[in-house]
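This report refers to the structure that appears directly beneath it.
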Amino acid sequence: MSALPSAVARASAEDELGAAWAWASRHGWAIHWDHGDLLLRAATYHAPASRLVEVTGQLDGYRAIPPAWQFVRPGTDETGKEWFPAPGPGSVFHGNIVICAPWNRLAYAEQGGPHNDWSGPAAWLQVSGTTVAHTIGDMLATIDVHLRQSPEMMP
Amino acid sequence: MDSDLPTGLIEPGDPDYDEVPGETAEKAAAARRAIVVIVFAPKDPEPKRFRFRTDETVGAAAKTAADAFGYTGGTPSFQTEAGTVLDRNLTLAAAGVRNREKLELVDAGGGV
């Protein structure tokens, strides 16, 4: 997806992880960073659904392109409706099980997402008119805000 | 609190920077119609302290905080420790923000 060297992406991600961990400790999330695979796992308890939810962020190419965020079966890479929170009002959680935000690579048409109007993932920092999150901590915080408005898991 | 103290980001050395426990500080804050809040941001491990008028809107106060943390764009608001995102159109008083309350800076924009 990106020609950005892994070492550059790793350095960019790890530069932000201290703040992300601090955020997680304030908000009841657990974060695990896979240094080798550039994969972030973040999990919390989704009270309305009475279950653990986990989101992964694949950070190859970061920050030339945004992470690829998706909800997964906790502890695995399995995706599916049963692991995706249902949207609340004005949510970035979409019925097609995509976190629909410019800071998610998977929201772009180039990656099979619905958005061909954001000028592609490389322009993610210039997109306006929707949620703005330019660091890993801010992305997790936005996921958290929308998760708190989610009434249940996807039916 | 001194009634002439400016609002916005406060730094060490400001008379409101450190908490003065007790009823006196609370009464002074109420009389002055200004509060000090401790704001955390997801991009920064360390919080910052701000003094705001209680008749200032949540949106305006959050924008001041966002600017201080180096955010550009977006729709900043505050999230309480209980997880509630405050209505940007309410004043801090109407939103129930208390003196010395800890708030998280969040983006309140909606999905598309």
Exactly one of these conditions fails for A:Leu140: (1) in contact with a strand residue (DSSP E or B) (Cβ under 7 Å, 6 or more places away or on another chain); (2) more than 9 Å from chain B (Cβ to nearest Cβ). Give me its number. (2)
Looking at (1) crowded, with 17+ Cβ neighbours inside 10 Å; (2) within 14 Å of another protein chain (Cβ to nearest Cβ); (3) within 13 Å of the chain's Cα centre (by Cα), which is the only condition B:Gly74 fails? (3)
Quick check on my filter: what residues within the range A:42-58 are touching a Gly at 6+ places or on another chain (Cβ under 8 Å) and either over 26 Å from A:Pro102 (Cβ atoms) or not hydrophobic (A, V, I, L, M, F, W, C) (or both)? A:Thr44, A:Tyr45, A:Glu54
Residues in the range A:69-80 that are surrounded by fewer than 23 Cβ atoms within 10 Å (Cβ to Cβ) and either on the phi < 0 side of the Ramachandran plot or touching a residue at least 40 places away in the same chain (Cβ under 8 Å) (or both) total 8
Look through A:Ala64, A:Ala43, A:Ala24, A:Ala3 and report the one residue that is among the hydrophobic types (A, V, I, L, M, F, W, C) and in a helix (DSSP H, G or I). A:Ala24
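For (1) β-branched (Val, Ile, Thr); (2) modelled with pLDDT of 95 or more; (3) assigned to a loop (DSSP other than H, G, I, E, B), each residue gets a yes or a no:
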| position | (1), (2), (3) |
| --- | --- |
| B:Lys48 | no, yes, no |
| B:Asp67 | no, yes, no |
| B:Gly74 | no, no, yes |
| B:Arg98 | no, yes, yes |
| B:Gly109 | no, no, yes |
| B:Val112 | yes, no, yes |
Of the numbered conditions (1) out of contact with any Pro (no Cβ under 9 Å at 6 or more places or on another chain); (2) under 17 Å from B:Tyr17 (Cα atoms); (3) surrounded by 16 or more Cβ atoms within 10 Å (Cβ to Cβ), B:Val39 fails exactly one; give the number of that condition. (1)
Give me the pairs: first residue in the range A:136-152 and surrounded by 24 or more Cβ atoms within 10 Å (Cβ to Cβ), second residue acidic (Asp, Glu) and not in a helix (DSSP H, G or I), beta-carbon distance under 6 Å, and six or more apart or on different chains, which are they? A:Thr142/B:Asp107
Selected residue (criterion: surrounded by the fewest Cβ atoms within 10 Å (Cβ to Cβ)) from residues of the range A:96-124 that are of a type in the set (A, V, I, L, M, F, W, C) and in contact (Cβ under 8 Å) with a residue 40 or more places away in the chain: A:Ala122
Taking the criterion of being of a type in the set (D, E, K, R) and either touching a helix residue (DSSP H, G or I) at 6+ places or on another chain (Cβ under 7 Å) or facing another protein chain (nearest Cβ under 10 Å) (or both), would at least one residue in the range A:107-124 satisfy it? yes
Any idea which residue in the range B:76-96 is modelled with the lowest pLDDT, counting only those that are part of a loop (DSSP other than H, G, I, E, B) and aliphatic (A, V, I, L, M)? B:Ala82
Can you confirm whether A:Trp83 is among the aromatic types (Phe, Trp, Tyr), surrounded by fewer than 23 Cβ atoms within 10 Å (Cβ to Cβ) and away from chain B (no Cβ under 12 Å)? yes
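The values are calculated or read from the model by the stated rules, or taken from the named source; none is laboratory data. This one's a predicted model, so the numbers in the text were calculated from it and none came from an experiment. All Cβ positions, glycine included, derive from the backbone under ideal geometry; neighbour counts span all protein chains shown.
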